[in-house]
Amino acid sequence: MKKLVTIAKDANIKVKSQIHEFLTPNFVYLPIDEKAQMIATKKKVSKGDNLYQWQGKIYSSPISGTITKIVKLKENLYLEIKNDFKEKDHYTGIMNTTMIVTNDLKKKIKEYNKNWNALKNSETIILNGMEAEPYLANIPFLHKYYMSEILLMLDAIASSYHISQIKIYLKENDRESIEAMEQLINTYPEMSYHILPDCYPIGNSLFLKDYLNLTEKDFLMTSDEIFDAYYELLKLRKKDFLFITITGDAITNPQVVKVKIGTLLKDVVEECIKIKKNSYDIYVNGLFMGYLGDLNIVLTEEIRAIYFMKKNTVSESPCISCGKCNDVCPYNCNPYQTVISKGKWQTSKCISCGLCTFICPSHIPINQLLRRD
């Protein structure tokens, strides 16, 4: 059995039980460079219009408005779109959560994601319905408002690949997800949900696969992945919004914010967040697995959380050989050996959970040494 750790939660890091929507930014920014192949032929665009293809992905506009220019933000190029606030949307997808799984839909599902090809040899779909990081609340809110859509898509996928069993895993403290599940689960006899302890890093899909002893007959998916597929395959357009957890001990109103893809963090903060400390650090995607950022970050699908934390005044000090990093590592990666070798000793087992750095009394960024790549 891999190690699980119970994290003593900081009472100053919270999230409100209601969602805040900020879906009307003045501008949005989509990543681009000179290799992008433009699809849009006019500067005026409607929400959902395909704009360009870049790095194997087609980018569509999350708003209606006008393409203005290419700008440089944090050394990266972005296509800037000015909002006209008209939200012209040529929607042709389903309007409710009932449907018939036709042969045409089955074909689309099988063509949607090459990684899903392994489903044809699977017997069970395993849904990871948990957040990977402590303090994140995106998934609970996704379940609260869109559980019907997620289960509908899961059912369609299972039907397409003739899979008769779906197991859904939730955390015991996730009241929002459990309540939403209990209201709908009886509609789907092939589905069952299971409660796991509120421990770390159980929500990490790599860890969960080992924790549940999954085999090649089990196919692991996530709620985010299913919801994205629902939008593209059933609503017939790309999802144009994100859930972002914004919390930390340097703000007075932590919350989950529903925002347009491509919104500047600075604009969200001006609209939604009250900062109580002038001196703070911004951590992107978590206090365990995240990285330092600033207000000029563009909120993309890779960003799940922003933490505003009081400025850390404690500096790194020499290792005291306490062994706590080894004790807490869920994969016995021997992080202490990495510390004393100054990163020369590496391991492929590390999942970058950040527990070694979190527990270190010398404040050494051990996870950076473990995974320098």
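Entry remark, the range 172-210: residues being open to solvent by 40 Å² or more (accessible area, probe 1.4 Å) and of a type in the set (A, V, I, L, M) number 3 in total.
Within this structure, LYS14 fails the test of being at pLDDT below 95, in contact with a helix residue (DSSP H, G or I) (Cβ under 8 Å, 6 or more places away or on another chain) and surrounded by 12 or more Cβ atoms within 10 Å (Cβ to Cβ).
Scanning the range 288-312 for residues that are open to solvent by 70 Å² or more (accessible area, probe 1.4 Å) and either touching a Ser or Thr at 6+ places or on another chain (Cβ under 9 Å) or part of a strand (DSSP E or B) (or both) turns up TYR291, LEU292, LYS310, LYS311. If I filter the range 122-160 down to residues being farther than 24 Å from ASP210 by Cα and among the aromatic types (Phe, Trp, Tyr), which single residue comes out as least open to solvent (accessible area, probe 1.4 Å)? Residue satisfying both the conditions and the ranking: PHE141. Close contacts from the range 1-28, counting a first residue that is of a type outside the set (S, T, N, Q) and a second that is surrounded by fewer than 13 Cβ atoms within 10 Å (Cβ to Cβ) and not in a strand (DSSP E or B), with Cβ to Cβ under 7 Å and a gap of 6+ residues or different chains, come to LEU4/PRO197.
I'd like the residue in the range 313-339 that is touching a His at 6+ places or on another chain (Cβ under 9 Å) and loosely packed, with under 10 Cβ neighbours inside 10 Å and, out of all such residues, is farthest from LEU370 (Cα to Cα). Among those residues, the one meeting the criterion is VAL314.
Does VAL269 count as part of a helix (DSSP H, G or I), modelled with pLDDT of 95 or more, open to solvent by less than 30 Å² (accessible area, probe 1.4 Å) and on the phi < 0 side of the Ramachandran plot? Considered against the rule, which asks whether it is part of a helix (DSSP H, G or I), modelled with pLDDT of 95 or more, open to solvent by less than 30 Å² (accessible area, probe 1.4 Å) and on the phi < 0 side of the Ramachandran plot, VAL269 comes out as yes.
Given the criteria within 22 Å of the chain's Cα centre (by Cα), closer than 30 Å to ASN76 by Cα and free of Cβ contacts under 8 Å to residues at least 40 places away in the same chain, does LEU370 qualify? The answer is no for LEU370.
Taking the criterion of being surrounded by 13 or more Cβ atoms within 10 Å (Cβ to Cβ), more than 24 Å from the chain's Cα centre (by Cα) and more than 18 Å from VAL314 (Cβ to Cβ), the residues of the range 341-367 that qualify are GLY343, TRP345, GLN346, THR347.
In this structure, ASP281 qualifies as among the acidic types (Asp, Glu), touching a strand residue (DSSP E or B) at 6+ places or on another chain (Cβ under 8 Å) and surrounded by fewer than 17 Cβ atoms within 10 Å (Cβ to Cβ).
Contact map, the range 63-84: residues that are open to solvent by 80 Å² or more (accessible area, probe 1.4 Å) paired with residues that are hydroxyl-bearing (Ser, Thr, Tyr), Cβ distance under 8 Å, separation 6+ or inter-chain. Pairs shown: ILE70/TYR78; LYS72/TYR78; LYS82/THR66; LYS82/THR68.
Name the single residue, out of those in the range 78-95 being part of a strand (DSSP E or B) and farther than 14 Å from LEU51 by Cβ, that is modelled with the lowest pLDDT. Among those that are part of a strand (DSSP E or B) and farther than 14 Å from LEU51 by Cβ, it is ASP89.
Residue count for the range 225-251, restricted to those that are open to solvent by 40 Å² or more (accessible area, probe 1.4 Å) and touching a strand residue (DSSP E or B) at 6+ places or on another chain (Cβ under 8 Å): 2. When the range 334-373 is filtered for residues that are over 18 Å from PRO201 (Cβ atoms), in a helix (DSSP H, G or I), touching a Cys at 6+ places or on another chain (Cβ under 8 Å) and of a type outside the set (Ser, Thr, Tyr), the ones remaining, listed by number, are VAL339, ILE340. As a summary of the residue check, ASN326 satisfies the conditions (1) on the phi > 0 side of the Ramachandran plot; (2) polar (S, T, N, Q); (3) in contact with a helix residue (DSSP H, G or I) (Cβ under 7 Å, 6 or more places away or on another chain) except for the one numbered (1). Of the residues making up the range 323-333, just one is farther than 20 Å from GLY286 by Cβ, modelled with pLDDT of 90 or more and part of a loop (DSSP other than H, G, I, E, B), namely GLY323. Can you tell which of ASP174, ASP198 is in contact with a Lys or Arg (Cβ under 9 Å, 6 or more places away or on another chain), touching a residue at least 40 places away in the same chain (Cβ under 8 Å) and among the charged types (D, E, K, R)? Matching residue, one of ASP174, ASP198: ASP198.
Total residues in the range 173-212 satisfying the condition of being in a loop (DSSP other than H, G, I, E, B), within 23 Å of ALA8 (Cα to Cα) and not acidic (Asp, Glu): the figure is 7. Take THR222 and decide whether it is open to solvent by 50 Å² or more (accessible area, probe 1.4 Å) and of a type in the set (Val, Ile, Thr). Judged against the criteria, THR222 is not a match.
The values are calculated or read from the model by the stated rules, or taken from the named source; none is laboratory data. Owing to the predicted nature of the structure, the values given are computational and were not obtained by experimental measurement. Backbone-built Cβ (ideal geometry, glycine too); neighbour counts: all protein chains shown. SASA here: full protein model, heavy atoms, side chains in, ligands and nucleic acids out. Shrake-Rupley method; radii C 1.70, N 1.55, O 1.52, S 1.80 Å.
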